[in-house]
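Here's the structure, in structure tokens; my notes come after.
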Amino acid sequence: QVQLVESGGGLVQAGGSLRLSCTASGLTFSSYAMGWFRQTPGKEREFVAVISRGGSSTYYADSVKGRFTISRDNAKNTVYLQMNSLKPEDTAVYYCTASARLRPTKQAEFSSWGQGTHVTVSS
């Protein structure tokens, strides 16, 4: 049974930073691309970032490019999302997700999801 557990969310002022973590179990972590999505009430879940199985390739949504960095530690079965220069519009529930595909970016391409962690950015 695959489990993805996010942590690191919270309340931060605009311009601040947070680092989200997601620890996986029940899967061969290094065989999965890992991603982050986010969702606000009334809106569809949106892609944020994805990292390849070995960590050499990353891809970001335009809205976070240059501010967010995704990374992973396969020895610890953990993926991270470093979020800098946060804006109020980054406020959302952030979800960790896993995909067996090589470079997934669409929600339907990911097979496992965490429960989410809340990020609130105050102005």
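Could you do me a favour and compute the accessible area per residue for the chain, 1.4 Å probe, result in Å²? Write down the numbers at each step before the final one.
Details: 6330 Å² over 123 residues.
Each residue of the chain exposes 51 Å² on average to a 1.4 Å probe.
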- Item | All aspartates and glutamates inside 17 Å of Lys106 as judged from Cα atoms, apart from same-chain residues fewer than 8 positions distant | Glu44, Glu46, Asp62
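How much length is gained on full extension from Gln82 to Ala61, taking 0.36 nm per residue of separation minus their Cα-Cα distance? Walk me through the intermediate numbers first.
Details: separation 21, 0.36 × 21 = 7.56 nm, distance 1.41 nm.
Stretched out fully, the Gln82 to Ala61 stretch lengthens by 6.1 nm.
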- Near Lys76, which aspartates and glutamates are there with a Cα under 16 Å away, not counting those fewer than 8 places off in the same chain? Glu6
- Note on the structure: Looking only at aspartates and glutamates whose Cα falls under 15 Å of Lys43's and that sit 8 or more positions away or on another chain, we get Glu89, Asp90
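The values are calculated or read from the model by the stated rules, or taken from the named source; none is laboratory data. Source: prediction; values computed, not measured. Ligands, DNA and RNA are excluded from the accessible area calculation, which covers all protein heavy atoms including side chains. Shrake-Rupley method; radii C 1.70, N 1.55, O 1.52, S 1.80 Å.
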